[in-house]
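The values are calculated or read from the model by the stated rules, or taken from the named source; none is laboratory data. The shown structure was predicted, so the numbers you read here are calculated from the model rather than taken from an experiment. Cβ coordinates were reconstructed from backbone atoms using ideal geometry, including for glycine residues, and neighbour counts include every protein chain displayed. The area values use the complete protein model at the heavy-atom level, side chains included, leaving out ligands, DNA and RNA. Shrake-Rupley method; radii C 1.70, N 1.55, O 1.52, S 1.80 Å.
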Amino acid sequence: MSVQPHASQASPSSPPVTEYWSADSLAPHRQFEAWRELIVDAHMRWDIPDIHCDAFPAFMRQHRVGGLRLTDCTAPAPVSGERGRAQIAQDDEGHYLTVVAAVQGTEALSFHDGREVLLQPGMFTLWDSARPLAFRTSDGLRQMSLLIPEAELLRRMPRVRDLVGRPIDGRSGMAGLFLDHLKSLIARFGEMPAASHEAVLDGTLDLLCLCLGAQPALPAPRLREMVLDQMKQHIERHLTDPALGVGQLARAFRMTDRNVHKLFEQSGTTVGAHIRGRRLSMCKRDLEASTLTARHVSEIAKHWGFEDPSHFSKVFRAAFGMSPSECRGQGRERGRR
């Protein structure tokens with residue numbers, strides 16, 4: 001069932017609004033429908049199918065201020081929903097990036113690119129209101145969220161979209177500090193004087209960006225494969241460059257050395273082993289080539305980045321089971337046939 005949001009939308013110039021809703025005051029058979037309407041009002045348009053339940057004793061608390069929305073809500077029974085292109089096209093509320101955190105229970109999020117994130121208690125992620133998303137909850141979910149106008153995060157962290165859909169462990173470190181702050185902020189926001197709202201929310205977004213900036217910058221699985229392929233192409237183009245290595249790759253792809261290492265390790269090798277293997281293959285090709293017989297073995301080795309002839313001979317034998325001279329001899333024999 002598609003549900004339209006209420007008309008009470010907040011804008012950056014709207015006065016602060018705090019709302020609290022509990023299903024306790026409603027007849028059991030009306031609780032789910034009322035909850036669904038409020039959830040859609042809080043989180044923009046969603047298609048949330050009916051569920052079969054005798055009662056749905058949920059609650060929701062929300063603060064809207066300065067274009068931001070802080071929401072604390074429960075779903076006592078499993079619920080699913082989808083925000084597809086039809087719902088996105090009907091929205092006129094602007095573009096939001098949303099922090100969604102599981103406090104109790106679990107929530108599975110299915111992103112537009114096929115990735116799935118299972119949020120367990122103490123975990124959170126970002127979702128993008130302009131991209132399709134689906135969710136499934138467990139029994140007894142309690143979720144907290146922070147809806148942020150995209151521009152507010154982009155000016156603090158221009159590459160924040162790279163972290164959409166990244167599961168973040170909020171049980172320790174900077175992420176834990178942010179999640180503790182978010183819980184406290186939602187619980188106590190109504191107690192704060194209006195004059196402090198702007199400064200507190202600015203601090204909240206700054207803390208979020210510090211937390212996000214501390215996350216490893218590895219991209220999502222499919223993007224990881226693409227980046228790794230691009231790195232390997234870069235290596236092919238620069239095999240003869242003595243400076244080729246982790247540092248050069250990190251600079252070329254705007255990553256840390258550590259994450260370049262991780263990218264290759266997840267493919268079952270290391271940066272050094274991949275570069276050495278490709279250079280050895282090129283040396284073997286040149287040694288076997290009939291057109292390069294006049295070039296000395298050490299000259300070929302040096303061209304492909306091996307400065308020490310004895311070291312080159314050792315690693316070449318380890319890779320191919322023969323010395324560079326034996327490889328050249330086999331190439332000559334094939335040329336005579």
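Quick notes
- Distance between the pseudo-spin-label points of residue 210 and residue 292 (7 Å out from Cα toward the beta carbon): 5.4 nm.
- Taking θ as phi - 60° and the Karplus parameters 6.51, -1.76 and 1.60, the scalar couplings of segment 69-78 work out to 10, 10, 10, 10, 8, 10, 9, x, 10, x Hz in sequence order, x denoting glycine and proline.
- Gyration tensor (alpha-carbon) shape descriptor, the chain, a/c threshold 1.5: prolate
- Contact order normalised by residue count of the chain, Cα under 8 Å, 6+ apart, percent: 11 percent
- In sequence order, segment 44-61 has phi-based couplings of 6, 6, 9, 9, 10, x, 4, 10, 9, 7, 6, 8, 9, x, 9, 9, 8, 10 Hz under the Karplus curve 6.51 cos²θ - 1.76 cosθ + 1.60, θ = phi - 60°, and Gly or Pro positions carry x.
- The value of relative contact order for segment 204-307, using C-alpha pairs under 8 Å at least six residues apart, is 26 percent.
- Within the listed set 214, 58, 27, the residue fluctuating most in the Gaussian network model of the chain (springs between alpha-carbon atoms under 10 angstrom) is 27.
- For residue 192 and residue 257, the FRET efficiency from 1/(1 + (r/R0)^6), where r spans their Cβ atoms and R0 equals 56 Å, is about 0.85.
- The chain - percent of accessible surface contributed by carbon and sulfur, probe 1.4 Å: 52 percent
- A simple spin-label model places the labels of residue 266 and residue 120 1.9 nm from each other, with each point 7 Å out along Cα-to-Cβ.
- Simple label model, 7 Å out from Cα along Cβ direction - residue 136 to residue 90, nm: 2.4 nm
- The chain - accessible surface per residue (Å², probe 1.4 Å): 50 Å²
- Adding -39500 (n - 2.57) for every DSSP H run of four residues or longer, then dividing by how many residues the chain holds, sets the calculated 222 nm ellipticity at -13500 deg cm²/dmol.
- Additional length obtainable on full extension of the chain from residue 113 to residue 314, 0.36 nm per residue less Cα span: 67.8 nm
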